[in-house]
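A short write-up of the structure that comes next.
Bear in mind that the values in this text are calculations on the coordinates, not laboratory data. What you see is a predicted model, and the numbers here were worked out from it, not measured in a lab. With ideal geometry, Cβ positions are generated from the backbone for all residues, glycine too; neighbour counts draw on all protein chains shown.
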Amino acid sequence: MTTQTIRPSLPRVDERKFQTTRVLLIALAHFTHDTYPAFLAPLIPLLTDKLGLSLALAGSLVFFMRGASLVQPFIGYLADRTGLRYFVIVAPALTAIFMSSLGLASSYVMLIPLLIFTGLSTAMFHAPAPAMITRVSGQEWGRGMSYFMAGGELGRSIGPLLVVTVVDWVGLENAYVAAIPGILASLILYRLMGSTSTRLEAQPLSLRAALSAQRLPLALLLGIALFRAMSLFSFVAFLPVYLTRSGASLFSAGAAVSIFELAGVAGALLGGTLSDRLGRRAVFLFSQVVSVPVLFAFLHSTGLISFPLLLVGGLIMLSTGPVGLTVIQELFMGNRSTATGFYISFNMLVAGIATTLFGALADAVGLPITMHVIAFVPLLAAPLTLLLPETRGRSLAGEHSDFPSA
């Protein structure tokens, strides 16, 4: 007589309805995972002092972590055809282990493999997970993506505070203990993830045909993403260094990053949901136009007023995260994970290159001038947004709207 172990899981998906429990579970996975890459920004001042790094080398650390995400389109391609939910399950533990071990590095060279492995683990999570969200969001893709992105933003807001607290408690070299929550989260996800999949029930359209059909909207969307990633990731990467060089403590600098990212939780919740009602372009434009004066005001502020300005800046800049992910899936509904993987890897690659270049600029002309340049960049995307076709409502048309008409 044999016995069978029954693993608790959620019931099967009804893709016609908004599956609140599954959406929240995937958002929780996003929260846990994204807590750990957020360790890098507040650790940069410590690693810079410990290893004697220039700002250009410090900026290149972001490149190694983000650059490894180039594999995301390939993971997404597999997810569209096979389903890779176990990647989503194990990624939080892997990312937690790699990022929590940065303090053990005794040289710049030792940091590189840890950051590359972090990037690969991040790719394992971010390529399939957004497609899982749209499968369980019914016809409210913007709302589902808002929950998903809010989870990530909350993780990125908690991450800096968590790592500086752990470093203050046990020291930089012993910060590997911070990996414990990520490992536990993967174990919980393994028990509960159930049958949620990224695989499409019908055969996806060939990538060549899909790209041919959507090449102009894709080019416009990537242009918008280019300027957003250049500004957003560079601002977050250099904010702790900017503040510590202005006299702030390491904890205050880490808290500032957390405030910015925490405001992004509200921004993510609002951005995707409002785009379901007002349109994707309207949310893009508002963020691009309003974020510039808010960030300039922050850079010229002192005292308590700085924190409200940073909150508003984070809310506005990060509100477009779920919108971009929704648009790319609406353009390529038959290749959602592939398109998502490509879109995210593009953002990460731009982030890595931009932080390296802005780091070199800061070495040449100073960090204050560079931060002002970074703050201005989002406005450059506004003309492209005006040309972007409105995609809201395409998720109502069916599973494969990137298929040619019969």
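Annotation: the chain has a Kirkwood hydrodynamic radius of 21.2 angstrom, from the mean reciprocal C-alpha pair distance. Place a point 7 Å from Cα of Ala364 in the direction of its Cβ. Which residues in region 32-56 have their backbone N less than 19 Å from it? Counting only backbone N, you get 54-56.
Relative to the first principal axis of the alpha-carbon coordinates of the chain, what is the inclination of helix 85-100, with its axis defined by its Cα atoms, in degrees from 0 to 90 and to the nearest 10? It is inclined by approximately 10 degrees. In the calculated pair-distance distribution of region 273-382, the portion above 18 angstrom amounts to 60 percent of the Cα-Cα pairs. Against the chain, whose longest principal axis is taken from its Cα atoms, helix 280-299 shows a tilt of about 10°. A Gaussian network model of the chain, with springs between Cα atoms under 10 Å, assigns the largest mean-square fluctuation among Pro37, Pro73, Pro389 to Pro389.
In percent, rounded to a whole number, the relative contact order of the chain is 28, using alpha-carbon pairs under 8 Å and six or more apart. Please check: in the Gaussian network model of the chain (C-alpha springs, under 10 Å), which one of Leu221, Leu325, Leu187 has the largest mean-square fluctuation. Looking only at Leu221, Leu325, Leu187, the biggest GNM fluctuation is shown by Leu187.
Listed from fewest to most Cβ neighbours within 10 Å, the set Asp276, Asp34, Asp49 follows the order Asp49, Asp276, Asp34.
With an 8 Å Cα cut-off and a minimum separation of 6 or more residues, compute the relative contact order for region 229-351 in percent.
On the way: 123 pairs, mean separation 40.6, N = 123.
Relative contact order comes out at 33 percent.
Between His372 and Ile183, the modelled label-to-label distance comes to 4.9 nm, taking each label 7 Å out from Cα in the direction of the beta carbon.
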